[in-house]
Structure formats: C-alpha cells, structure tokens
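All remarks here apply to the structure that follows.
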Amino acid sequence: MKFGIVTFPGSNCDYDAYRAVIDVIGEKAEFLWHKDHDLRGADVVVLPGGFSYGDYLRPGAIARFSPIMREVATHAQRGGPVLGICNGFQILCEAGLLPGALLRNVGLKFISAPVHLRVENAGTLFTNRYHQGQVISIPIAHGDGRFTADAETLARIEGEGQVAFRYVDGAGPSARWSAPNGSMNAIAGIVSAQGNVLGMMPHPERAMDPILGSQDGIGVFESVVARVAA
Amino acid sequence: MSRFRVALHIVPRRGLLDPQGKAVADALHTLGFTAVHDVHVGRHLVLELDAASPAAAEADARAMCEKLLANPVTEDFEVAGVSAA
C-alpha cells in the first residue's frame, strides 16, 4: 500500500508524515509535489500540516487551487482515502471536500500542546483501530483551528456520525467537552459524508513513538491500512 | 477595455464569534472609547483590473470573492467602490 504525501510551499509536517508511514507503519510512502498532476498510484493521500502559501488570505485558501488538488478531489470522489492534518484539514474545508471552516483560535493564541481527544465514531476508515469513546492523547499546534459551521451543517455532521474526534478535558469516562481553540461542539476532527475523507487539527504523525510522548496517533494510520488492505 | 480599481470589504459573518473584533473592542474600551459597541475585523482588498465597464469590473470582482477572496462559510463581502484606475 502506498501513501502519497503532498508537499505544498510552506508544508512543514510532510516529512513527519512520511517517516510515520515508513518507519512506524511499515508501508510505502512517496512525496507528491503540489504542482503534480497525478497521485503516482497512491492508495491514501495525506495533506500534511504546515502553512501552505504562508496562510495568505486564509489558511488553505490558495493551496486548494494547487494542480494536485484536482487529482485529490477526483480520488476522494471515487471513495479513495484522504487524510488532512492541521493545515491539511483547513485545505480540505476550503476545497469543499469537508464541511465547515477553521477560524482563528478563540483566545487568539497559537496553541502547541498535547490534548485529550475522545474517539466519537470508531467505525470510520480512519478510527476503526480505536474503541468507541476511547480517549487518546495527541498534540495540537495551530493558530486557526476553531471549527465553525452553520447550525444546519453542524446538526447534520453530528447526526450522521461524521464527528470523528472531540476535544475533552481528561481521560476518564466523565471527561467533558473542552475545546482549547473554541471549536463548535469541541470538534477536533470530522469525516466526509461518504466517510473516506478525514480532517483533524491534532497531529497523529507526532504521536507515533514513545520518545514523542505518545503513540496514540498510530491508530489513525493503522485503521486506514486495515481497511484499504481488506 | 479600461482599467478599474475595485475596493472590497470582506468581514466575518454577523453572529459568528469574532475574537479579534472583541479584543480590539476591549482595547478601545480600555482607552476610554466606551461608546464603541462592537468591532468587526475583516480585510480590505483593492484590485486593479481591466474590464469593459464599471459594472463588468464589479461583476468580475464579485466572482473572485465567491471563488477565492471570501470564505462562503464564514465571511460576507461587499464592493466598497469602483473607480477608474
């Protein structure tokens, strides 16, 4: 199985994602340049974190018009898996491949910290290696992560089980919603209506090894490998 | 074709949380400008473009807002002015 990791000008987590796939998951990975016109046979596309185009205009607003995004959209429409992390999530929302938008953090500060996430739907392409309701620890590092959508969209994604991860304030079963960035309904990650596109602000590729403080991100990659290989 | 200058205002949609606007409003209150009720921080863009008429220049600018310059989920835009460049 091959992961295609898209590098935009300003991406800075592309190498982390590459190493996560190669070293930890043991699958193939290849970098795709944003000006490329094909996915070179990638089974899974990763849009990594960073600051594509310097976040000019809005995060992800310009990257979504990169040539490679046409191929990414076609791949997604055919049901191919697409994982957008942080800036990748912002790009997917701007591209209309995921609903909603990511706005400036409510406290106006860039937040770099490990957070607790609750797996809200363990049945998705990207979460099936977790247990329903499992709380995991994965770092965030963003200034524009406040998930926002209109009331109708929010009700739909909640009702359809499209919320994959939610920020919570602790690891226990009584943990409550707690979004450090002010996200609506403490949403940290969502999947598309078809379920094959995941966008999440936290960085699973930074939680792949004990030396990084957590291995809880491995499940995201293993989940998609398990489904695609099946 | 003539050259026009089109000014655009892009602002956060009313009703959405605008933490930047609130921070600015708080700062103004601290400075004694207590009459300020609300602040909305957006973007002001000036485009210089070629078009057949002022109306065509405005229509082109609106299309650009819908496609790229404003986020349809969270922002509203208005054409603040069209003038000969």
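The values are calculated or read from the model by the stated rules, or taken from the named source; none is laboratory data. Small disclaimer: the values here were computed from a predicted structure and weren't measured. For neighbour counting, all protein chains shown are included, and Cβ atoms are generated from backbone atoms with ideal geometry for every residue, glycine included.
Would it be correct to say that A:E160 is under 26 Å from B:C65 (Cβ atoms) and out of contact with any helix residue (DSSP H, G or I) (no Cβ under 8 Å at 6 or more places or on another chain)? When the stated conditions are applied, A:E160 does not pass them. What residue, among those in the range A:37-81 that are in a loop (DSSP other than H, G, I, E, B) and at positive phi, is farthest from the other protein chains (Cβ to nearest Cβ)? Selected residue: A:G41. Cβ-Cβ contacts under 7 Å between residues 6 or more apart (or on different chains), taken from a first residue in the range A:152-174 that is without any contact (Cβ under 8 Å) to a residue 40 or more places away in the chain to a second residue that is surrounded by fewer than 23 Cβ atoms within 10 Å (Cβ to Cβ) and assigned to a loop (DSSP other than H, G, I, E, B), are listed as A:E160/A:A193. The condition of being modelled with pLDDT of 95 or more and farther than 29 Å from A:D14 by Cβ holds for only one of A:G219, A:G199, A:G182, A:G161, that being A:G161. Quick one: is A:Q90 touching a Pro at 6+ places or on another chain (Cβ under 9 Å) and modelled with pLDDT of 95 or more? So A:Q90 fits the description; yes. Checking the stated criteria, B:L28 turns out not to satisfy the condition of being in contact with a Ser or Thr (Cβ under 9 Å, 6 or more places away or on another chain), under 22 Å from A:K109 (Cβ atoms) and surrounded by 15 or more Cβ atoms within 10 Å (Cβ to Cβ). What about A:E30, is it touching a Gly at 6+ places or on another chain (Cβ under 9 Å) and within 14 Å of chain B (Cβ to nearest Cβ)? No, not satisfied. Restricted to the range A:84-169, the set of strands (runs of 3 or more DSSP E) holding at least 2 residues that are within 14 Å of chain B (Cβ to nearest Cβ) comprises A:101-103, A:146-148.
Restricting attention to the range A:20-43, the residues being surrounded by 16 or more Cβ atoms within 10 Å (Cβ to Cβ) and farther than 18 Å from A:Q90 by Cα number 12.
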